[in-house]
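Reading through the structure tokens given below for one structure.
The values are calculated or read from the model by the stated rules, or taken from the named source; none is laboratory data. What you see is a predicted model, and the numbers here were worked out from it, not measured in a lab. Note: ideal-geometry Cβ built from the backbone for every residue, glycine included; neighbour counts use all protein chains shown. Just the protein is used for accessible areas: all its heavy atoms, side chains included, with ligands, DNA and RNA removed. Shrake-Rupley method; radii C 1.70, N 1.55, O 1.52, S 1.80 Å.
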Amino acid sequence: MSAFAQRLLAWFDQHGRHDLPWQHPREAYRVWLAEIMLQQTQVATVIPYFTRFIARFPDIHALAAAPLDDVLALWSGLGYYARARNLHRCARQIVAQYGGTFPRTLEALMELPGIGRSTAGAILAQAFGQRTPILDGNVRRVLARYGAVPGWPGTPAVQKRLWQLAEALLPDERMADYTQAIMDLGATVCTARKPACVRCPVAPGCAALAQNAVAEYPHPRSKKKRPQRHARLLLIRNPQGQLLLERRAPLGIWGGLWCPPLLGELHLASGTWAQILLDTASRVRQLPPLRHAFTHFDLELRPLQIELDAMPELICEPGQQLWVSLSTLSHLGLPAPVRRLIEQSFSLGST
DNA sequence: AAGCCGGGGTT
DNA sequence: AACCCAGGCTT
């Protein structure tokens, strides 16, 4: 077994994280759910979501049987909603195709929606003890430094080298602990900024440290600036004080979530209808804009509060539009910034 | 190979 | 403000 793995495992016993909710019990369903939630999302953020999710959907059959809306509602605020849609599809596929038991090969797992090579590796290693590597953000950083691997890890050539290194360093046993250990090392010692090399168990073999160039690895991605976009957000209320929501298209930004009608960019199918409604409304007032940063563009939401004197005809497909009282908003899957904006807009004594 | 998908934390 | 985070999917 590699010296890297030996030192890492010894360090893990003393300094690793042993009390994460998905470690007890460390079974495939819980590992899978945690892995999906943890994609691009920090541990501290995930824990309360994971706990609520397990309470509501204790096993894969419960998840597969649930309507997508329930899953999205529990996911609301976690972001990357394609993960929730894939999670739901994946649960149904595992029940239909495998009777609810996770497959135990890399190829079969990677066929499933939302599971790539790293997540598949994590499930095999952590739930089944198989000798399969992972390569998430933590491991990328640890290995890029340990092997002094040059280049930005987003490129296929660098990815390939890192996967090879990850494979070469695997232990002969304790795969579940090892997988947790290398992530813990990245999260608590080999951090992106100010790595604590003096506390690092694998410092003796670290190539970047030997070059006194730990900060040079991994090489950062080239930066680009984000375009600015904007949209009208129509907070339409009927005479009963209920708010109009629409279901967004299943794919794309905020896919499948409930949201007040948008005009301009990110528009909805009912855009023309909403524009007419806006043009004929008598009680309209502007609310302060909200800026929201997406990965690849900045969005400014410009809310308009519209109070209707009579109920309008709804024009969408049945089930795609909804009048809700403000008190029931929390039960629906809304984008977090939109939810906050609504709560803010109507908490300040505005009728 | 590059773009698409959020939100919170850190510095 | 910029960067980072338990990535995967699509083109």
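In a fully extended conformation the segment linking A:VAL95 and A:SER330 would gain 81.6 nm over its present Cα-Cα distance, using 0.36 nm per residue. For chain A, the average shadow cast by the Cα convex hull is 20.1 nm², which is a quarter of the hull's surface.
Sorting the segments A:67-76, A:167-176 by their residues' average number of neighbouring beta-carbon atoms within 10 angstrom, most packed first, yields A:67-76, A:167-176. Take the Kirkwood radius over Cα pairs of region A:228-347, plug it into Stokes-Einstein at 4 °C and 1.567 mPa s, and you get 89 µm²/s for translational diffusion.
Run the dipole for chain A about the Cα centre, Lys and Arg Cβ at +1, Asp and Glu Cβ at -1, nothing else charged, and hand back the magnitude in debye, nearest 20.
Numbers: 38 positive and 26 negative charges, 215 e Å.
Rounded to the nearest 20 debye, it is 1040 debye.
Ordered by solvent-accessible area of protein heavy atoms (1.4 Å probe), largest first, the residues A:LYS160, A:LYS225 come out as A:LYS225, A:LYS160.
Region A:115-151 and region A:57-99 have their alpha-carbon centroids 25 Å apart. The residues of chain A have, on average, 49 Å² of accessible surface per residue, using a 1.4 Å probe with all protein chains present. Each principal axis of region A:29-152 carries a Cα extent, and these read 47, 31, 21 Å when sorted largest first. Expressed as a whole percent, the accessible area of chain A that falls on carbon and sulfur atoms is 53 (1.4 Å probe).
Our compactness index for region A:1-86, the C-alpha radius of gyration over the empirical 2.2 N^0.38 Å, is 1.29.
Sorted largest first, the principal axis extents computed over the alpha-carbon atoms of region A:148-234 equal 57, 31, 28 Å.
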